[in-house]
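J.: Sharing a structure here in C-alpha coordinates format.
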Amino acid sequence: MMKKFLFTSNLLMGLVLSRFAISKLASWEISVKAFIEMAKPLGIDPTFFRVSTGFLISAVVIAYILTAIYSLKTNNTLFQMPFRKWATLTNLFGLLTMAGALVAEHVLRVEPKMLLVYIAIAIILFSAINIIILNKNKQIINL
(Lines give C-alpha, C1' and ligand atoms only; values in the text may rest on other atoms or scores of the structure.)
Protein backbone atom coordinates (compact mmCIF):
# COMPACT_ATOMS: atom_id res chain seq x y z
CA MET A 1 0.00 0.00 0.00
CA MET A 2 2.71 2.47 0.97
CA LYS A 3 4.84 1.51 -2.02
CA LYS A 4 1.85 2.18 -4.28
CA PHE A 5 1.32 5.59 -2.66
CA LEU A 6 5.02 6.45 -3.10
CA PHE A 7 4.89 5.29 -6.72
CA THR A 8 1.68 7.17 -7.56
CA SER A 9 2.51 10.41 -5.77
CA ASN A 10 6.05 10.66 -7.14
CA LEU A 11 4.92 9.81 -10.66
CA LEU A 12 2.07 12.34 -10.58
CA MET A 13 4.28 15.09 -9.18
CA GLY A 14 6.86 14.40 -11.87
CA LEU A 15 4.26 14.45 -14.63
CA VAL A 16 2.60 17.65 -13.38
CA LEU A 17 5.92 19.46 -13.08
CA SER A 18 7.07 18.25 -16.51
CA ARG A 19 4.53 20.60 -18.10
CA PHE A 20 6.13 23.55 -16.30
CA ALA A 21 9.67 22.50 -17.18
CA ILE A 22 8.70 22.19 -20.84
CA SER A 23 6.96 25.58 -20.89
CA LYS A 24 10.07 27.28 -19.56
CA LEU A 25 12.61 25.47 -21.72
CA ALA A 26 10.48 25.68 -24.89
CA SER A 27 9.88 29.42 -24.37
CA TRP A 28 6.11 29.25 -24.33
CA GLU A 29 4.67 32.76 -24.50
CA ILE A 30 2.93 32.52 -21.11
CA SER A 31 6.19 31.51 -19.45
CA VAL A 32 8.24 34.19 -21.20
CA LYS A 33 5.80 36.90 -20.07
CA ALA A 34 5.73 35.59 -16.51
CA PHE A 35 9.51 35.62 -16.22
CA ILE A 36 9.78 39.12 -17.67
CA GLU A 37 7.45 40.22 -14.85
CA MET A 38 9.28 38.25 -12.14
CA ALA A 39 12.80 39.17 -13.23
CA LYS A 40 12.15 42.91 -13.01
CA PRO A 41 12.25 43.20 -9.19
CA LEU A 42 15.42 41.08 -9.12
CA GLY A 43 17.16 43.06 -11.86
CA ILE A 44 18.24 39.93 -13.70
CA ASP A 45 17.90 38.73 -17.27
CA PRO A 46 14.45 37.11 -17.63
CA THR A 47 15.68 34.55 -20.17
CA PHE A 48 18.44 33.36 -17.84
CA PHE A 49 15.96 33.23 -14.95
CA ARG A 50 13.41 31.25 -17.00
CA VAL A 51 15.88 28.76 -18.47
CA SER A 52 17.67 28.13 -15.16
CA THR A 53 14.30 27.59 -13.49
CA GLY A 54 13.38 25.22 -16.32
CA PHE A 55 16.53 23.18 -15.70
CA LEU A 56 15.88 23.13 -11.95
CA ILE A 57 12.32 21.89 -12.43
CA SER A 58 13.54 19.35 -15.01
CA ALA A 59 15.95 17.96 -12.40
CA VAL A 60 13.05 17.66 -9.93
CA VAL A 61 10.93 15.92 -12.59
CA ILE A 62 13.68 13.39 -13.35
CA ALA A 63 14.23 12.72 -9.65
CA TYR A 64 10.50 12.19 -8.97
CA ILE A 65 10.09 9.86 -11.95
CA LEU A 66 13.19 7.83 -11.06
CA THR A 67 11.91 7.57 -7.50
CA ALA A 68 8.53 6.36 -8.75
CA ILE A 69 10.10 3.72 -10.96
CA TYR A 70 12.52 2.50 -8.31
CA SER A 71 9.82 2.39 -5.63
CA LEU A 72 8.47 -0.71 -7.42
CA LYS A 73 11.78 -2.53 -7.75
CA THR A 74 13.06 -5.11 -5.31
CA ASN A 75 16.70 -4.04 -5.59
CA ASN A 76 16.26 -0.67 -3.98
CA THR A 77 19.46 1.22 -4.66
CA LEU A 78 19.74 4.13 -7.00
CA PHE A 79 23.17 5.44 -8.03
CA GLN A 80 24.71 3.42 -5.17
CA MET A 81 22.45 5.20 -2.65
CA PRO A 82 19.89 3.34 -0.52
CA PHE A 83 16.41 3.93 -1.89
CA ARG A 84 15.03 5.44 1.32
CA LYS A 85 17.74 8.11 1.36
CA TRP A 86 17.35 8.82 -2.38
CA ALA A 87 13.55 9.11 -2.12
CA THR A 88 13.78 11.34 0.94
CA LEU A 89 16.26 13.65 -0.79
CA THR A 90 14.15 13.71 -3.95
CA ASN A 91 11.03 14.71 -2.05
CA LEU A 92 12.97 17.29 -0.04
CA PHE A 93 14.35 18.69 -3.32
CA GLY A 94 10.84 18.97 -4.76
CA LEU A 95 9.43 20.43 -1.54
CA LEU A 96 12.11 23.13 -1.34
CA THR A 97 11.81 23.94 -5.04
CA MET A 98 8.06 24.43 -4.69
CA ALA A 99 8.57 26.52 -1.53
CA GLY A 100 10.79 28.75 -3.67
CA ALA A 101 8.09 28.86 -6.33
CA LEU A 102 5.57 30.00 -3.71
CA VAL A 103 7.89 32.76 -2.56
CA ALA A 104 8.42 33.85 -6.17
CA GLU A 105 4.67 33.86 -6.84
CA HIS A 106 3.98 36.10 -3.84
CA VAL A 107 7.06 38.34 -3.88
CA LEU A 108 7.98 38.74 -7.55
CA ARG A 109 4.59 38.82 -9.26
CA VAL A 110 2.21 41.74 -9.24
CA GLU A 111 -0.60 39.26 -8.55
CA PRO A 112 0.06 35.56 -7.81
CA LYS A 113 -1.46 33.01 -10.17
CA MET A 114 -3.56 30.99 -7.75
CA LEU A 115 -3.55 27.79 -9.81
CA LEU A 116 0.26 27.77 -9.61
CA VAL A 117 0.07 28.44 -5.87
CA TYR A 118 -2.33 25.50 -5.38
CA ILE A 119 -0.15 23.16 -7.44
CA ALA A 120 2.95 24.16 -5.45
CA ILE A 121 1.11 23.64 -2.14
CA ALA A 122 -0.11 20.20 -3.28
CA ILE A 123 3.41 19.15 -4.25
CA ILE A 124 4.77 20.43 -0.93
CA LEU A 125 2.13 18.44 0.97
CA PHE A 126 2.63 15.21 -0.99
CA SER A 127 6.42 15.51 -0.69
CA ALA A 128 6.10 16.03 3.07
CA ILE A 129 3.79 13.01 3.37
CA ASN A 130 6.27 10.91 1.37
CA ILE A 131 9.16 11.99 3.61
CA ILE A 132 7.14 11.04 6.69
CA ILE A 133 6.18 7.66 5.20
CA LEU A 134 9.77 6.94 4.23
CA ASN A 135 11.23 7.77 7.62
CA LYS A 136 8.54 7.12 10.23
CA ASN A 137 8.37 3.36 10.46
CA LYS A 138 11.66 2.12 9.03
CA GLN A 139 11.04 -1.37 10.39
CA ILE A 140 7.58 -1.68 8.83
CA ILE A 141 8.39 -0.27 5.40
CA ASN A 142 11.05 -2.47 3.93
CA LEU A 143 12.27 -0.27 1.09
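The values are calculated or read from the model by the stated rules, or taken from the named source; none is laboratory data. Nothing here was measured: the structure is a model prediction, and the numbers come from that model. Neighbour counts run over all protein chains shown; Cβ positions are idealised from the backbone, glycine included. All accessible areas refer to the heavy atoms of the entire protein, side chains included, with ligands and DNA or RNA removed. Shrake-Rupley method; radii C 1.70, N 1.55, O 1.52, S 1.80 Å.
J.: Kindly list the number of the only condition in (1) surrounded by 15 or more Cβ atoms within 10 Å (Cβ to Cβ); (2) over 19 Å from residue 134 (Cα atoms); (3) not β-branched (Val, Ile, Thr) that fails for residue 91.
T.: Here residue 91 meets the rest and fails (2).
J.: Which of the residues that make up segment 21-39 are open to solvent by 20 Å² or more (accessible area, probe 1.4 Å), free of Cβ contacts under 8 Å to residues at least 60 places away in the same chain and not β-branched (Val, Ile, Thr)?
T.: 24, 25, 26, 27, 28, 29, 33
Residue-by-condition table, conditions (1) at pLDDT 95 or above; (2) under 20 Å from the mean Cα position of the chain (by Cα); (3) not aromatic (Phe, Trp, Tyr):
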residue	(1), (2), (3)
16	yes, yes, yes
19	yes, yes, yes
39	yes, no, yes
63	yes, yes, yes
76	no, no, yes
79	no, yes, no
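J.: Still on this structure: May I ask you to verify whether residue 52 is over 26 Å from residue 128 (Cα atoms) and of a type outside the set (A, V, I, L, M, F, W, C)?
T.: no
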